[in-house]
Amino acid sequence: MNAFEIVLTLLTMVTSLALAHLLNGFVIVLRHAKQVQFSMLHGIWSWIALAVLIGNWASFWQMRNVETWPSVTVLLLLAAATVQYLFCAFVTPEMEQEGKLNLKDFHAHSHRLYILAFIMLLFISLLLNLVLGGMKMYENWWHDSILTIVAMLQSSIAIFVNNFWVQLGVAIVNASIVTYYLILSCNFVAS
């Protein structure tokens, strides 16, 4: 195994755990659909978690030709994967004992926690982009950094402003950014 394969294997294990957590949450919601009160805001944030998870994993492919991996890059990648797992875990609700799940209430009570985890992920991603770009390990670092800063700044608004329309606007902008990022990242893997 070369250095890239070792790093990718480590990151894939953490990513797989996060994906399994998200998928399990989706299955619980679908299996108990009659007992679930749907929330558009929570649904969008769940999509954000899934899209950024797959997009980040696919983006690692762009670093396949890197031969040496300084410890700071490996630690930042592992920190990002860990916080990404937390984001996925926080956005995934637990089914309550009564067998009912109100995703509107879940979003109202928990959105600050999962949005804060998303902001932390974005901050670590920004640091990672700057480090990888500075080491000439990642050529699209500036492009990803701009998207990261936009997402981080406007996500901060959703922490402090509890207005539905503001929350929806923030969620839609983030969903658009991460969907774009997902498509770009997957295109790199396909090419």
Open item on the list: Among the numbered criteria (1) touching a Lys or Arg at 6+ places or on another chain (Cβ under 8 Å); (2) outside any helix (DSSP H, G or I), which one does H42 miss?
Closed with: (2)
TODO: Within segment 39-52, identify whether any single residue is buried (at least 17 other Cβ atoms within 10 Å of the Cβ), touching a residue at least 60 places away in the same chain (Cβ under 8 Å), touching a strand residue (DSSP E or B) at 6+ places or on another chain (Cβ under 6 Å) and not acidic (D, E), and answer yes or no.
DONE: no
Task: Residue count for segment 1-36, restricted to those that are of a type outside the set (F, W, Y) and more than 21 Å from V91 (Cβ to Cβ) - done: 10
- [ ] Determine if segment 16-28 includes at least one residue that is surrounded by 15 or more Cβ atoms within 10 Å (Cβ to Cβ) and touching a strand residue (DSSP E or B) at 6+ places or on another chain (Cβ under 9 Å).
- [x] yes
Open item on the list: Looking at segment 11-28, can you tell me whether even one residue there is of a type in the set (V, I, T), touching a residue at least 40 places away in the same chain (Cβ under 8 Å), over 26 Å from I159 (Cβ atoms) and touching a Phe, Trp or Tyr at 6+ places or on another chain (Cβ under 8 Å)?
Closed with: yes
- [ ] Could you tell me whether any residue of segment 71-82 is modelled with pLDDT under 90, of a type outside the set (A, V, I, L, M, F, W, C) and out of contact with any helix residue (DSSP H, G or I) (no Cβ under 9 Å at 6 or more places or on another chain)?
- [x] yes
Open item on the list: Can you tell me which condition A151 does not meet? The list is (1) under 14 Å from the mean Cα position of the chain (by Cα); (2) in contact (Cβ under 8 Å) with a residue 60 or more places away in the chain, and all the others hold.
Closed with: (2)
Task: Residue list for segment 156-191, restricted to those being among the polar types (S, T, N, Q), surrounded by fewer than 21 Cβ atoms within 10 Å (Cβ to Cβ), within 20 Å of R112 (Cα to Cα) and in contact with a helix residue (DSSP H, G or I) (Cβ under 7 Å, 6 or more places away or on another chain) - done: S156
- [ ] Specify the residue that is nearest to V7 (Cα to Cα); the eligible residues are those in segment 109-148 that are surrounded by 15 or more Cβ atoms within 10 Å (Cβ to Cβ), of a type in the set (G, A, S) and free of Cβ contacts under 8 Å to residues at least 24 places away in the same chain.
- [x] G133
Open item on the list: Among the numbered criteria (1) at pLDDT 90 or above; (2) outside any helix (DSSP H, G or I); (3) over 18 Å from V27 (Cα atoms); (4) not acidic (D, E), which one does L86 miss?
Closed with: (2)
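Condition check ((1) in a helix (DSSP H, G or I); (2) β-branched (V, I, T); (3) over 16 Å from G55 (Cβ atoms); (4) touching a strand residue (DSSP E or B) at 6+ places or on another chain (Cβ under 7 Å)) across all residues:
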{"position": "L147", "(1), (2), (3), (4)": "yes, no, no, no"}
{"position": "A151", "(1), (2), (3), (4)": "yes, no, no, no"}
{"position": "I157", "(1), (2), (3), (4)": "yes, yes, yes, no"}
{"position": "N162", "(1), (2), (3), (4)": "no, no, yes, no"}
{"position": "L168", "(1), (2), (3), (4)": "yes, no, yes, no"}
Open item on the list: Report every pair of residues separated by at least 6 positions or lying on different chains whose Cβ atoms are under 8 Å apart, first residue within segment 90-102 and under 18 Å from W47 (Cα atoms), second assigned to a helix (DSSP H, G or I) and acidic (D, E).
Closed with: none
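The values are calculated or read from the model by the stated rules, or taken from the named source; none is laboratory data. Computed from a predicted structure; not experimentally measured. Because the Cβ atoms are built from the backbone with ideal geometry, glycine has one as well, and the counts that use them run over all protein chains shown.
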